[in-house]
1. Taking just the alpha carbons, could you work out the radius of gyration and Dmax for the stretch 26-105, both in angstroms?
2. With equal scatterers on the alpha carbons only and no solvent term, can you work out the Debye log10 of I(q)/I(0) for the stretch 69-180 at 0.23 1/Å?
3. Which percent, to the nearest 5, of DSSP beta bridges fully inside the stretch 116-251 are antiparallel?
4. Cross-link partners among aspartates and glutamates for Lys185, C-alpha distance below 15 Å, same-chain residues fewer than 8 apart left out?
5. Using each residue's phi in the stretch 195-201, evaluate 6.51 cos²θ - 1.76 cosθ + 1.60 at θ = phi - 60° and report the 3J(HN,Hα) Karplus result to the nearest Hz, with x for Gly and Pro.
6. Just grab the label-to-label distance for Lys43 and Leu196, each label 7 Å out from Cα along the Cβ direction, in nm (one decimal).
7. Let me know the charge dipole size of the chain about its Cα centre in debye, to the nearest 20, where only the beta-carbon of Lys, Arg (+1) and Asp, Glu (-1) is charged.
8. At Thr176 and His207, where each label point lies 7 Å from the Cα along Cα→Cβ, what is the point-to-point distance in nanometres?
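Just so it is clear, none of the values below were taken in a lab; they were calculated from the coordinates. Since the model is a prediction, treat every value here as computed from it, not as a measurement. Every residue, glycine among them, receives a Cβ derived from its backbone with ideal geometry; neighbour counts consider all protein chains shown.
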Amino acid sequence: MTLKTYFYNVHKAAVAFSGGTDSAFLLWVAKRYGCDVRAYYVKTAFQPQFEYEDALRLTQKLGIPMTTVKLDILSVPEVAANGARRCYYCKRALFTQLWQTVRADGYTVLLDGTNASDDAADRPGMQALWELEVRSPLRECGVSKDEVRRLSRDAGLFTWDKPAYACLATRIPTGTAICAADLTKVEQAEKALAALGFRDFRVRLFHGSARLQVTEDQLPLTLERRQELLTALEDNFSNVLLDLTGRIPSI
C-alpha cells in the first residue's frame, strides 16, 4: 500500500508530532493527499525546548494547526523509576493522554511517525502504540528512514537532515531514578554544545559527571574548544568526560 492510498482511506486524523524528521514528513504527506490533519505535541520534561520550537516552525510553514498537550510524565512511578521498561510506560501514559485530547476534538484516528526502519524489538514503546491502537502509516506502507529523509528533502522540509534525537530520559542511566533537575542539567549542557558548533551528539549523566558522545569527525573539535566546553558545563557537572569511541552518525 502506498501513502497516497492510505490517506485516500483516512480522511481525518490527529498526528502525534515530535518536531522530528518522521512525524514532520507524515504531516506533510497527510496534507498533500487531502487528509484533514491536526498536529499534537506532547510537552513533558523529556522534550527540550528546541524540539518544541521546531514543531511550531514546521506546522506554521505547512499551515497545519498544532495543539500542545502538557503532561507531568515524572508523576508516573514506572517512568520516574527508569527501569528497563520505562519507554513502554512513558508511551502508554503519553498516548493515553493524547487519545483523551484528540477524541474530545473529534478525531477517531491517531497516527505516529514510526517508520519501517524502526526495530520493534529494540523499542518497547511500540508495544504501547499497538495496545492503544495508534497507527503508523510510514511503517504500514514500508517507508524506510532513508526514504523519509529523501522525500522530505524533495518536499523542502527543513527537518530532512535533522539528526535523530531521543528524549532526554535516555541520558540518564537505566536504573537511576529520573529527576527534573538532572534533565535540566542535560538539556542546558546539550544547548551549550550546540551553541559551540556541535551537531548530532549526546551528553549523558555518569556518576555526577557529563559524558560527551560526539561523532568521530567532531572529536578534534572537542579539543579545539576544550576550555569553552569546560566553562559551559562547570556549573552543572563536577567533571566532563569524553567518550573516544565516536558516536555513529544518526543521519
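1. 14.3, 43
2. Calculated log10 I(q)/I(0) at the listed q: -1.29.
3. 55 percent
4. Once the sequence-local aspartates and glutamates are set aside, what remains near Lys185 is Glu234, Asp235.
5. Each residue's phi maps through the Karplus curve to give 5, 8, x, 7, 8, 6, 9 Hz.
6. Taking the simple label geometry, Lys43 and Leu196 are separated by 2.9 nm.
7. In total the dipole reaches around 480 debye.
8. 1.1 nm
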